[in-house]
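Encoded as structure tokens, here's the structure I'll be asking about.
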Amino acid sequence: MAGNFWQSSHYEEWILDKQDLSAKRKSDLQHLTEEEYQKIIILFANFIQALGESVKLRQQIIATATVYFKRFYSRNSLKCVDPSLMSPTCLLLAMKVEEYGPTLSNKIMTSCNNLTKGKFQYAFKQEYPYRLVNVLECEFILLEMMDCCLIVYHPYRPLTEYCAELNDDSILPLAWRIVNDSLRTDACLLYPPYLIAIAAMHLACVMLKKDCQKWFAELSVDFDMILEITQLLLALYDLWRDGYDEKRDIYAILEKMPKAKTNPVAPRS
Amino acid sequence: MSKHLERKFEELHFPYCRDVARYERDSKVGQGTFGEVFKARCQETGRLVALKNILMDNEREGFPITALREISILQLLKDENVVKLIEICRAKSSAYHRFKSMFFLVFEFCEHDLAGLLRSSQVRFDLVEQKEIMRQLCCGLFFIHRNKILHRDMKSSNILITKKGVLKLADFGLSRAYYSATSNPRYTNRVVTLWYRPPELLLGSRSYGPPIDMWGAGCIMAELWKRKPIMQGDSENKQLMLITQLCGSINNEVWPNVDQLELYKKIELPKDSKRCVKERLKSWVRNASGLNLLDRLLTLNPAKRITADEALDHSFFWEDPHAK
């Protein structure tokens, strides 16, 4: 989206403070460890990604949806709204805000059914209980909870610009993937997107054994923050490397997730 | 709504959007793209505002995209000449509304809209005031275009004017962000009220840009003198015909590659109309540089049409009598 990040609601209202974020999570963390909480958020980021890909959405829209999702749960417990309902809701809202032409709401709902029965069966194990009407109701809640802050800036654009400056084609693809991975951390809630872009580039350079120290040294940015973002990313990679198997482990974690007391019943449509 | 959803939704608290009850409603003042507009007063501060109720007529689409656009774009655009979105309020949700809140956009209140002023025989504009309106209109457009936003619904009823004479572009329900040349955009051409719609849209262009708003500014400028819309077509063909009669025939000579536009070959238009913008409007606009600016705003070829930036440098605004 056009406009100026520094005057945006993203900058003014949605760069959160680490302490605030942990305070809001406290009630969920009575039931889950921090790592388990993270794993649940990762699961739904994967779910949103798969939903988006099932209807061939641009990464930008998927990223916006993922940020909406994280914004919602940064202010609410997981038990407030079932994240499996919130996921398609975020995606449909992001499609509208990012001006994705045709409405694919029915296709998205079909994908929810298919994915929970197929690729994500290990996490859901029962029929997807929601219908479009539930999603449209949920959209209002999402809008209100985000205080109608809809424009999300992403690291992709600054990343592309920086990589062009560096004049090295090999960095962009890896750094881009790292930015995608950053959506599975708290980075997008805590840091401005251009810093996430720089952290991703830095990490990509290290992984590719490229010496770009000079270029980085000339940037006037807060390297402590770059370091913090890098740590979030490395923690994610550690989690994956240390034998975390979502297929095997996530169901048990979801069982512990705080939920509203009643069991989901398929609503009449 | 199913039982379990009710349960979950009730556990939520909404500290973020304020209750619309803090505004006391006065009278209905208009109808926007997606809802009714009321004049209202803030109970605490006494400030006058315009409350725009978001109507939910198409429930299958959820929250209307026009409202989403207006919200996201106005949060981005903060300028003297763009209507100010103060906040978004809601009416308490209840089981009666199936837990959907009613949303209201709260705008600063503007006493007048340009269409209303032009209709009123008691309101007269002198040259200084006409210049001032055009100058502020171009300032507003310069600002939104610099921020890569197209208004896409320029017309005199979307131009608000406060009682202090400050002009505000309003109703961003059709607006959108645009991306410059490199990408190959395909935007809808079904935008802009017919009488203000530029020739490139009427010919089916889908990769247009800021010049579409400048055409509208030209129509509005002429209206400032003529006191009514200058080209009132009742169909797209008729509108193109009226444009041709005023601005001359549309061909590759005045507008290279116009024949590539989707509808160019499908529409029969006069081949030998002469351009007569200045001749036709000089009895109204009795000012040479004003006529020149108008001529440049109503340029057929969008690539040649004057931009908001260039318009602000036009001698019309820099010679006596000066705008305020």
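With the requirement that a residue be in contact (Cβ under 8 Å) with a residue 12 or more places away in the chain, of a type in the set (S, T, N, Q) and within 11 Å of another protein chain (Cβ to nearest Cβ), what does the range A:1-36 give you?
Across the range A:1-36, the qualifying residues are A:Ser8, A:Ser9.
Okay, moving on. Consider B:Thr188 against the criteria (1) of a type outside the set (Gly, Ala, Ser); (2) farther than 22 Å from B:Lys265 by Cβ; (3) open to solvent by 10 Å² or more (accessible area, probe 1.4 Å): it satisfies all of them except one. Which criterion is unmet?
If we test B:Thr188 against (1) of a type outside the set (Gly, Ala, Ser); (2) farther than 22 Å from B:Lys265 by Cβ; (3) open to solvent by 10 Å² or more (accessible area, probe 1.4 Å), just (2) comes out false.
Counting just the residues of the range A:139-168 that are part of a loop (DSSP other than H, G, I, E, B) and among the charged types (D, E, K, R), which one comes out farthest from the other protein chains (Cβ to nearest Cβ)?
Residues of the range A:139-168 part of a loop (DSSP other than H, G, I, E, B): A:146-155, A:167-168.
Next, from what is left, pick out any that are among the charged types (D, E, K, R): A:147, A:168.
Values: A:Asp147: 4, A:Asp168: 21 Å.
Among residues in the range A:139-168 that are part of a loop (DSSP other than H, G, I, E, B) and among the charged types (D, E, K, R), the one farthest from the other protein chains (Cβ to nearest Cβ) is A:Asp168.
Of A:Ile108, A:Ile40, which residue is crowded, with 19+ Cβ neighbours inside 10 Å, at negative phi and within 14 Å of another protein chain (Cβ to nearest Cβ)?
Numbers: A:Ile40 fails: within 14 Å of another protein chain (Cβ to nearest Cβ).
Only one candidate passes the filter, namely A:Ile108.
Output yes when any residue across the range B:157-180 is within 14 Å of chain A (Cβ to nearest Cβ), within 12 Å of the chain's Cα centre (by Cα) and open to solvent by 10 Å² or more (accessible area, probe 1.4 Å), and no when none is.
To start, the set of residues in the range B:157-180 that are within 14 Å of chain A (Cβ to nearest Cβ) comprises B:172-180.
If we keep only those that are within 12 Å of the chain's Cα centre (by Cα) as well, we get B:172-176.
Okay, now just the ones that are also open to solvent by 10 Å² or more (accessible area, probe 1.4 Å), so B:174, B:176.
There is at least one residue in the range B:157-180 that is within 14 Å of chain A (Cβ to nearest Cβ), within 12 Å of the chain's Cα centre (by Cα) and open to solvent by 10 Å² or more (accessible area, probe 1.4 Å).
Name the single residue that is nearest to A:Tyr11 (Cα to Cα) among those in the range B:64-74 being out of contact with any strand residue (DSSP E or B) (no Cβ under 8 Å at 6 or more places or on another chain) and facing chain A (nearest Cβ under 8 Å). So that I can check it myself, show each step before the final result.
We begin by selecting, within the range B:64-74, every residue out of contact with any strand residue (DSSP E or B) (no Cβ under 8 Å at 6 or more places or on another chain); these are B:64-66, B:68, B:72.
From what is left, the residues that are facing chain A (nearest Cβ under 8 Å) are B:65, B:68, B:72.
On the way: B:Ile65: 23, B:Leu68: 19, B:Ser72: 14 Å.
Residue satisfying both the conditions and the ranking: B:Ser72.
Before we move on, is A:Lys39 within 26 Å of A:Asp242 (Cα to Cα), of a type in the set (Lys, Arg) and in contact (Cβ under 8 Å) with a residue 60 or more places away in the chain?
Working: within 26 Å of A:Asp242 (Cα to Cα): yes; of a type in the set (Lys, Arg): yes; in contact (Cβ under 8 Å) with a residue 60 or more places away in the chain: yes.
Against the criterion (within 26 Å of A:Asp242 (Cα to Cα), of a type in the set (Lys, Arg) and in contact (Cβ under 8 Å) with a residue 60 or more places away in the chain), A:Lys39 qualifies.
Hey, A:Val55 hits all of (1) aliphatic (A, V, I, L, M); (2) at pLDDT below 95; (3) closer than 13 Å to A:Ser182 by Cα but one; which does it fall short on?
For A:Val55, the exception is condition (3).
I've got another one for you. For the range A:164-171, does any single residue satisfy the condition of being assigned by the TED database to the domain that holds A:Ile48 and at positive phi? Give the derivation first.
Within the range A:164-171, the subset assigned by the TED database to the domain that holds A:Ile48 is none.
Scanning the range A:164-171 turns up no residue that is assigned by the TED database to the domain that holds A:Ile48 and at positive phi.
Considering only the range A:43-84, state which residues are within 12 Å of another protein chain (Cβ to nearest Cβ), among the basic types (Lys, Arg) and crowded, with 20+ Cβ neighbours inside 10 Å.
A:Arg71
If you don't mind, there's one more thing I want to ask. From the residues in the range A:111-135 that are open to solvent by 20 Å² or more (accessible area, probe 1.4 Å) and within 23 Å of A:Gln60 (Cβ to Cβ), which one is nearest to the other protein chains (Cβ to nearest Cβ)?
Selected residue: A:Leu115.
Filter the range A:7-30 down to residues that are farther than 16 Å from A:Cys188 by Cβ and open to solvent by 60 Å² or more (accessible area, probe 1.4 Å), then give me how many there are.
Of the residues in the range A:7-30, the ones farther than 16 Å from A:Cys188 by Cβ are A:7, A:19, A:22-23, A:26-30.
The next check asks that each one be open to solvent by 60 Å² or more (accessible area, probe 1.4 Å); those that pass are A:7, A:19, A:22-23, A:26, A:30.
So the answer is 6.
Shifting gears a bit: Identify, by number, the condition in (1) open to solvent by 10 Å² or more (accessible area, probe 1.4 Å); (2) farther than 24 Å from B:Lys148 by Cα; (3) at pLDDT 85 or above that B:Asp79 doesn't meet.
Condition not satisfied by B:Asp79: (2).
Do we have any residue at all in the range A:169-185 that's under 25 Å from A:Glu36 (Cβ atoms), in contact (Cβ under 8 Å) with a residue 40 or more places away in the chain, open to solvent by 30 Å² or more (accessible area, probe 1.4 Å) and part of a helix (DSSP H, G or I)?
Looking for residues that are under 25 Å from A:Glu36 (Cβ atoms), in contact (Cβ under 8 Å) with a residue 40 or more places away in the chain, open to solvent by 30 Å² or more (accessible area, probe 1.4 Å) and part of a helix (DSSP H, G or I), one finds at least one in the range A:169-185, hence yes.
Evaluate the range A:256-264: report whether one residue or more is touching a Leu at 6+ places or on another chain (Cβ under 7 Å) and open to solvent by 30 Å² or more (accessible area, probe 1.4 Å). Talk me through it step by step, then tell me what you get.
Residues of the range A:256-264 that are touching a Leu at 6+ places or on another chain (Cβ under 7 Å), as a first pass: A:256-258.
Then drop every residue that is not open to solvent by 30 Å² or more (accessible area, probe 1.4 Å), which leaves A:256.
Yes, the range A:256-264 contains a residue that is touching a Leu at 6+ places or on another chain (Cβ under 7 Å) and open to solvent by 30 Å² or more (accessible area, probe 1.4 Å).
Right, something else. Looking at this structure, is B:Met231 open to solvent by less than 30 Å² (accessible area, probe 1.4 Å) and without any contact (Cβ under 8 Å) to a residue 40 or more places away in the chain?
It is true that B:Met231 is open to solvent by less than 30 Å² (accessible area, probe 1.4 Å) and without any contact (Cβ under 8 Å) to a residue 40 or more places away in the chain.
While we're here: Please state which one of B:Glu200, B:Glu223 is acidic (Asp, Glu) and surrounded by fewer than 23 Cβ atoms within 10 Å (Cβ to Cβ). Talk me through it step by step, then tell me what you get.
Details: B:Glu200 fails: surrounded by fewer than 23 Cβ atoms within 10 Å (Cβ to Cβ).
Within the list B:Glu200, B:Glu223, the selection yields B:Glu223.
Listed here are the residues, each with its yes/no results for (1) within 14 Å of A:Asn46 (Cβ to Cβ); (2) of a type in the set (S, T, N, Q); (3) touching a residue at least 40 places away in the same chain (Cβ under 8 Å).
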{"position": "A:Lys70", "(1), (2), (3)": "yes, no, yes"}
{"position": "A:Leu78", "(1), (2), (3)": "no, no, yes"}
{"position": "A:Ser84", "(1), (2), (3)": "yes, yes, yes"}
{"position": "A:Val97", "(1), (2), (3)": "no, no, yes"}
{"position": "A:Ser105", "(1), (2), (3)": "no, yes, no"}
{"position": "A:Thr110", "(1), (2), (3)": "no, yes, no"}
{"position": "A:Gln121", "(1), (2), (3)": "yes, yes, no"}
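Residues in the range B:101-156 that are crowded, with 19+ Cβ neighbours inside 10 Å, small (Gly, Ala, Ser), assigned by the TED database to the domain that holds B:Lys228 and out of contact with any Pro (no Cβ under 8 Å at 6 or more places or on another chain): how many?
Looking only at that region, the number is 1.
The values are calculated or read from the model by the stated rules, or taken from the named source; none is laboratory data. The structure displayed is predicted, hence computed values, not measured ones. Glycine also receives a Cβ, built like all others from the backbone with ideal geometry; neighbour counts cover every protein chain displayed. Note: accessible area is taken over every heavy atom of the protein model, side chains too, but ligands, DNA and RNA are not part of it. Shrake-Rupley method; radii C 1.70, N 1.55, O 1.52, S 1.80 Å.
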